[in-house]
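Here's the structure we're looking at; comments come further down.
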Amino acid sequence: LRGSATQKEPAYIVRPDAPTRIQVLLPNAENGMRYTLLVRPADDDHSQQDIVRVDGLAAQNVSGERYIETILPPGHLPPGTYLAEVRSSDGSFSVPFRASAPSKTR
């Protein structure tokens, strides 16, 4: 997931029988900083609990891209529209995304 007001909402295929890997690119990651990842339905009025909350994530680095990552168990993220929020001591940002079921082929 990339945070940008100019991008369309990304869509991802989520298989109910497989783990779901969530990676969020960090625009300004700092060494040693810890992050919290929250995932909630996009239409949530904040009265419900987050579907995902992972504290203490460290930034990872691949080819100069810094990101946080978590893996959810199979079936944990049903199809729908979500908001991923990343928080740190420096602030927070949110990225919308959609999870879709795989299309059925004959």
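Just so you know, all these numbers are worked out from the coordinates, no wet-lab data involved. Since the structure is predicted, the reported quantities are computational estimates derived from the model, not experimental observations. Reconstructed Cβ throughout: ideal geometry from the backbone, glycine too, with neighbour counts over all protein chains shown.
Some observations on this one:
- 11 Å beta-carbon shell around residue 55, net charge (K/R +1, D/E -1): +3
- For residue 52, the residues whose amide H sits under 5 Å from its own are 39, ignoring neighbours fewer than 5 places away on the same chain, with H placed 1.01 Å from N.
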